[in-house]
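K.L.:
Quick one: the structure is below, questions incoming.
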Amino acid sequence: MSPARSLDLKAASPPLIICVGSGGVGKTTLAAAMGLVSAAAGHDTLVMTFDPSLRLKDALGVGDAEQDREIVVPVKTAGALHASLLDARRTFDRLVEQHAPDAASRRRILENPYYHHLAGQLGGILEYMAVERLYEVSRADRCYTRIILDTPPARQAIDFLEAPRRIVDFLDSGALKIALRRWFDPRGHLVSAPGLAFLGRGVERFLDRIVGLDLLRDMSEFFQAFEPLFAGFRARALEVEALLAAASTRFVLVAGPGEARNPDTLFFARKIQEAGWHLGPIVVNRLHPRFAPESASGPGAEQRGRQLFTWLGERHARGLDALGALLPADQALVAMPLEPDEPTDLASLSAMGAKLQERLDDA
């Protein structure tokens with residue numbers, strides 16, 4: 001097996017580990033568990049995560065009041081462990097505050113109604129703010145030996161990987177040049193093309209009825225106000241793109257169990273490699289244990305329960321075997337069992353991390 005396809009959390013490299021996968025597979029919990037193993041090995045580690053469960057927030061000490069800054073996790077390890085709960089809106093606000101050319105420009109953007117919609121709801125903003133935050137941390141004065149990034153719970157987790165390229169493509173596109181045109185005069189009326197002034201009021205009424213002129217004015221004002229920041233966004237996106245593609249960066253693909261999940265897992269693995277990123281181990285998480293067929297015997301409801309668990313164990317085992325047969329021989333494939341209780345404190349997270357590293361060593 002290629003060493004690049006596996007992972008040793010006790011070693012000093014890789015400095016950046018990115019956990020990817022679809023929602024609901026436990027990648028946030030695994031990211032926290034990996035952080036504890038890394039810190040226990042003496043590496044100053046930062047775990048950056050999105051939307052963890054309430055109990056996981058409590059375990060890591062990253063409540064809502066501590067969003068978007070690094071918090072020391074109170075654990076006795078050889079290396080320091082910090083955690084950060086990422087907030088897309090706060091990251092966007094801070095970027096505007098830091099990079100706007102003056103106070104008037106900052107106010108103009110932050111008070112724009114379209115900005116409030118864009119920062120809070122527009123698809124892709126969460127993913128792009130994740131990479132902006134990664135850029136900030138990688139360039140910060142506080143130097144971490146390792147950063148473990150849990151990617152956003154996006155409908156398509158690949159969105160995170162493509163966010164830097166999408167922002168560069170958008171900033172280089174003709175669509176932005178059109179958006180930056182001055183569409184409204186100082187009185188708020190639509191500016192007509194030369195020779196078509198007689199259509200002005202009719203066009204305004206039509207657009208107001210179909211889209212809403214207030215929204216179009218807000219959008220036009222937003223792009224005009226944001227123009228001085230576009231060059232910085234583009235430069236940072238290119239740097240993050242290079243960071244994601246660095247030979248020292250590893251992606252850990254976390255998948256759910258069962259044959260039905262295998263096509264998505266294989267698709268995601270292929271997309272990572274086609275994009276030039278470096279895929280580390282694939283972790284199939286929450287596998288039901290296998291029981292001997294005779295264990296399914298018993299009275300009434302107990303028997304039916306045992307039969308169900310036996311069937312689930314066999315089903316998940318078949319899915320794991322089928323996935324392994326489809327992967328390259330040098331690809332590390334790790335099976336993590338379903339825990340009786342989801343780890344929600346530092347002790348149980350440490351135990352999960354140790355179990356993961358054991359399986360990584362055996363992969």
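Values quoted throughout were computed directly from the atomic coordinates according to the rules given, and no laboratory measurement underlies them. None of the values given here were measured: they were computed from a predicted structure. Every residue, glycine as well, gets a Cβ built from its backbone with ideal geometry; the counts of neighbours run over all protein chains shown.
K.L.:
Pick out, in residue order, every one of the chymotrypsin sites (Phe, Trp or Tyr not before Pro) in the range 247-277 that is DSSP loop and has at most 14 other C-beta atoms within 10 Å; say none if there are none. Don't jump to the answer; show the numbers that get you there.
P.N.:
Details: sites: Phe251, Phe267, Phe268, Trp277; in loops: Trp277.
Sparse-neighbourhood loop chymotrypsin sites (Phe, Trp or Tyr not before Pro): none present.
K.L.:
Scan around Thr151 for amide H atoms under 5 Å from its own, H built in the peptide plane at 1.01 Å from N, and keep only partners 5 or more places away or cross-chain.
P.N.:
Cys19
K.L.:
Given H placed on each backbone N at 1.01 Å, which residues far from Gly258 in sequence or on other chains put an amide H within less than 5 Å of it?
P.N.:
Placed amide hydrogens put Gly319, Leu320 under 5 Å from Gly258.
K.L.:
Rank these for me by crowding, Arg315, Arg286, going from fewest to most other beta carbons within 10 Å. Can you show the working numbers first?
P.N.:
Numbers: Arg315 17, Arg286 20.
Ordered from fewest to most neighbouring Cβ atoms within 10 Å, Arg315, Arg286 come out as Arg315, Arg286.
K.L.:
For the range 33-39, just list the computed ³J(HN,Hα) in residue order, Karplus coefficients 6.51, -1.76 and 1.60, θ = phi - 60°, integers in Hz, with x standing in for Gly and Pro.
P.N.:
Each residue of the range 33-39 in turn: 5, 5, x, 5, 5, 4, 5 Hz.
K.L.:
Specify the inter-centroid distance of the range 340-358 and the range 88-110, based on alpha-carbon positions, in whole Å.
P.N.:
Measuring centre to centre over Cα atoms gives 40 Å.
K.L.:
Ala329 versus His99, label points 7 Å from Cα toward the beta carbon: distance in nm?
P.N.:
Spacing of the two 7 Å Cα→Cβ label points: 4.7 nm.
K.L.:
Check the straight Cα-Cα distances from Lys10 and name the lysines below 20 Å, setting aside those fewer than 8 residues away within the same chain.
P.N.:
The qualifying lysines are Lys27, Lys76, Lys355.
K.L.:
Hey, rough spin-label estimate for Arg165 and Arg290, points 7 angstrom out along Cα→Cβ, what's it come to in nanometres?
P.N.:
With each label placed 7 Å out from Cα toward Cβ, I get 3.9 nm.
K.L.:
Which of Asp87, Asp361 comes first, and how do the rest follow, when ranked by fewest Cβ neighbours within 10 Å?
P.N.:
Fewest to most other Cβ atoms nearby, the residues stand as Asp361, Asp87.
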